[in-house]
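Below is one structure, written out as structure tokens; the observations come after it.
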Amino acid sequence: MLYSVYCQDRDNTAELREKHLVAHRAHLDQWNDKIFFSGPLQTDDASASLGSLFVLNVADRAEAERFIFTETFYNAGIFASVTIRRMRKGRYNPALIDGL
């Protein structure tokens with residue numbers, strides 16, 4: 001089942017994000033077979049990160065919680081809040097992602 005994990009950053013965490021980026025990506029690599037989609041949330045001009053969004057295909061909420069509660073940015077204190085919600089795939093148009 002699909003779960004969205006919406007994470008909002010604390011203020012002034014750009015340096016902390018950079019410090020933990022390699023470990024963060026290694027964590028994502030360990031979950032690669034469960035991550036349907038993910039990416040950083042940014043300001044409209046893409047000058048700063050505001051958080052992260054993950055859409056996971058996992059067995060249950062407990063597995064989604066395991067993903068985020070072992071996530072590097074979460075444990076480094078970068079996220080001010082995390083919201084986990086079960087979701088259902090509605091419209092899906094992968095052609096819109098081409099070229100991004």
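The values are calculated or read from the model by the stated rules, or taken from the named source; none is laboratory data. If you're wondering where the values come from, they're calculated on a predicted model, not measured in any experiment. Ideal geometry is used to build each Cβ from the backbone, glycine not excepted, and the neighbour counts take in all protein chains shown. Remember, those area values only see protein heavy atoms, side chains included, never the ligands or the DNA or RNA. Shrake-Rupley method; radii C 1.70, N 1.55, O 1.52, S 1.80 Å.
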Checking Lys19 against (1) open to solvent by less than 100 Å² (accessible area, probe 1.4 Å); (2) farther than 22 Å from Met1 by Cβ; (3) not aromatic (Phe, Trp, Tyr), which single condition isn't satisfied? (1)
Among (1) over 25 Å from Tyr92 (Cβ atoms); (2) in contact (Cβ under 8 Å) with a residue 12 or more places away in the chain - the single one Tyr3 does not satisfy: (1)
Meets criteria (assigned to a strand (DSSP E or B), surrounded by 11 or more Cβ atoms within 10 Å (Cβ to Cβ), out of contact with any Cys (no Cβ under 7 Å at 6 or more places or on another chain) and among the hydroxyl-bearing types (Ser, Thr, Tyr)) for Ser52: no
By residue number, the members of region 65-100 that are part of a loop (DSSP other than H, G, I, E, B) and among the small types (Gly, Ala, Ser) are Ala76, Gly77, Gly90, Gly99
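Does Ser38 count as surrounded by fewer than 17 Cβ atoms within 10 Å (Cβ to Cβ) and part of a strand (DSSP E or B)? So that I can check it myself, show each step before the final result.
Details: surrounded by fewer than 17 Cβ atoms within 10 Å (Cβ to Cβ): yes; part of a strand (DSSP E or B): yes.
Yes, satisfied.
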Given the conditions (1) at pLDDT 95 or above; (2) open to solvent by 60 Å² or more (accessible area, probe 1.4 Å); (3) under 21 Å from Pro94 (Cβ atoms); (4) not in a loop (DSSP other than H, G, I, E, B), and given that Asn32 satisfies all but one, which numbered condition is not satisfied? (4)
